[in-house]
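Worksheet: the structure to be examined is printed underneath.
The values are calculated or read from the model by the stated rules, or taken from the named source; none is laboratory data. Note that this is a predicted model, so its numbers are computed, not measured. A quick note on method: Cβ atoms are made from the backbone with ideal geometry, for glycine too, and the neighbour counts reach across all protein chains shown. To get the accessible areas, we keep the full protein, side chains included, count just its heavy atoms, and leave off ligands, DNA and RNA. Shrake-Rupley method; radii C 1.70, N 1.55, O 1.52, S 1.80 Å.
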Amino acid sequence: MFQETNEQTPEAEIRELKDGIKEIVNCAGKRGLKIREFAIEIWQNVIDRDVNYLAFASLLLTSVTGLQGESCFQYIEQMIEATLLGNLETEETAITLMADGLVKYQEPINKLIT
C-alpha cells in the first residue's frame, strides 16, 4: 500500500505561512488590538507553538535583532523554555521584542496584508 503524503513545495509552504500571517494581522486589526496587546497575543501563541505565529515572531525578531534562520528559531525556543519555567523577565523581553518588531515594521506588515 502507498501512503499519502502531504509534502508541499517550499513555495507552497511559504505561501501558506504568509497567508497565515496575513490572517493573524487582519484579525488583530479587526479587533482593534494595541501594539502591546498584539505582542502579548503573538507570544502566547508562540508558546503554544502555533506555526503561523512562530513564523510571524521570527520575522519580527529578525527585524529587531538581525538574527536569522536557525539562530532566530533557537533564540525563540530558549525564550519559550524560560517563559515556561516562569522566568517573567524573559517573557517580558520576548513581548517587548515582538512589540518593537511590530512598531518597526508596521508599513511592511500593512503591505504584506494588502
Which order do the peptides 8-19, 57-68, 86-97 take when ranked by the mean count of other beta-carbon atoms within 10 Å per residue, highest first?
-> 57-68, 86-97, 8-19
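What shape does the chain take by its C-alpha gyration tensor, where a ≥ b ≥ c are the square roots of the eigenvalues and a/c under 1.5 counts as rounded, a/b above b/c as prolate, and the rest as oblate?
Oblate.
Any idea of the accessible area per residue across the chain, 1.4 Å probe, to the nearest Å²?
That works out to 67 Å² per residue.
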J(HN,Hα) series, the range 64-81, from Karplus relation 6.51 cos²θ - 1.76 cosθ + 1.60, nearest Hz, glycine and proline x | 9, 9, x, 5, 9, x, 4, 4, 5, 5, 5, 5, 4, 4, 4, 5, 4, 4
Around Leu17, what is the net charge, scoring Lys/Arg as +1 and Asp/Glu as -1 over all other residues with Cβ under 13 Å from its Cβ?
-> -3
Give a residue-ordered list of calculated ³J(HN,Hα) values for the range 87-92 (Karplus: 6.51 cos²θ - 1.76 cosθ + 1.60, θ = phi - 60°; whole Hz; x for Gly, Pro).
-> 6, 5, 5, 5, 4, 5
Under a GNM of the chain (C-alpha, springs under 10 Å), which listed residue has the highest mean-square fluctuation: Glu70, Glu37, Glu23?
-> Glu70
Filtered hits (aspartates and glutamates, Cα-Cα < 16 Å from Lys34, offset >= 8 within chain) -> Asp100, Glu107
To the nearest Å, what is the center-to-center distance of the range 16-43 and the range 48-68, using C-alpha atoms only?
-> 13
With θ set to phi - 60° and the Karplus curve 6.51 cos²θ - 1.76 cosθ + 1.60, what are the ³J(HN,Hα) couplings of the range 40-52 in order, to the nearest whole Hz, using x for Gly and Pro?
-> 5, 4, 4, 5, 4, 6, 5, 4, 6, 6, 5, 4, 5
Before anything else, pin down the relative contact order of the chain: Cα pairs under 8 Å, at least 6 apart, normalised by residue count, whole percent.
-> 31
